[in-house]
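The values are calculated or read from the model by the stated rules, or taken from the named source; none is laboratory data. Being a predicted model, the structure only gives us computed values, none of them experimental. Every residue, glycine as well, gets a Cβ built from its backbone with ideal geometry; the counts of neighbours run over all protein chains shown. With ligands, DNA and RNA removed, areas are computed over all heavy atoms of the protein, side chains included. Shrake-Rupley method; radii C 1.70, N 1.55, O 1.52, S 1.80 Å.
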Amino acid sequence: MTESHDWPFEQSAEGSLRPWYLTATGYLVVLFSDPGEAERARRGLVDGKVADQDLRLYSSEEILAIVARLQKERSIVARAVAALAADASARQRFMDNAQTGGAALWLVAPTRDRADQLVSVLADYGYSSLRYYGEDGVADLQRDAD
């Protein structure tokens, strides 16, 4: 039986100085400008034997609501930590994607090998960017413009 996951993006910011992206080790985050393509990728992954509990698809509405909630929950010190720790271009890409109706697909990838396997499966889908939060840091892949 596969365990359920406490998705870092959904964790409360109350009482914590660390933003979600500093606790996201072992996750692959894939942005899709087309939410229909994101759902197609989710179904394809599940059909390909990725456990449903090991992935989470966020709509643009969910993303924006979670970001608004986190902003309200953060203390002034936590906001300063987030501002210093954030990759500004990655944050902007994430927010732009949500504000234009895109979706984000999160996948559990506890090792780099597992992340690489998932990336190869995702090659069949039209994602706009992919970010892996691993033990050794963060790795970005962006699809080249066609």
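Check whether at least one residue in the range 100-108 is of a type outside the set (Gly, Ala, Ser) and either over 15 Å from the mean Cα position of the chain (by Cα) or at pLDDT below 75 (or both), and report yes or no. For the range 100-108, residues of a type outside the set (Gly, Ala, Ser) and either over 15 Å from the mean Cα position of the chain (by Cα) or at pLDDT below 75 (or both): present. From the list LEU84, LEU64, the lone residue that is modelled with pLDDT under 70, of a type outside the set (S, T, N, Q) and either out of contact with any Asp or Glu (no Cβ under 7 Å at 6 or more places or on another chain) or outside any strand (DSSP E or B) (or both) is LEU84.
Listed here are the residues, each with its yes/no results for (1) in a strand (DSSP E or B); (2) under 13 Å from GLY101 (Cα atoms); (3) of a type in the set (A, V, I, L, M, F, W, C); (4) modelled with pLDDT under 90.
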{"residue": "LEU17", "(1), (2), (3), (4)": "no, no, yes, yes"}
{"residue": "TYR21", "(1), (2), (3), (4)": "no, no, no, yes"}
{"residue": "LEU45", "(1), (2), (3), (4)": "no, no, yes, no"}
{"residue": "VAL50", "(1), (2), (3), (4)": "no, no, yes, no"}
{"residue": "ARG56", "(1), (2), (3), (4)": "yes, no, no, no"}
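Within the range 128-140, the set of residues being over 12 Å from the mean Cα position of the chain (by Cα) and either loosely packed, with under 14 Cβ neighbours inside 10 Å or modelled with pLDDT of 95 or more (or both) comprises GLU135, ASP136, GLY137.
The set of residues from the range 96-105 being open to solvent by 20 Å² or more (accessible area, probe 1.4 Å) and part of a helix (DSSP H, G or I) comprises ASP96, GLN99.
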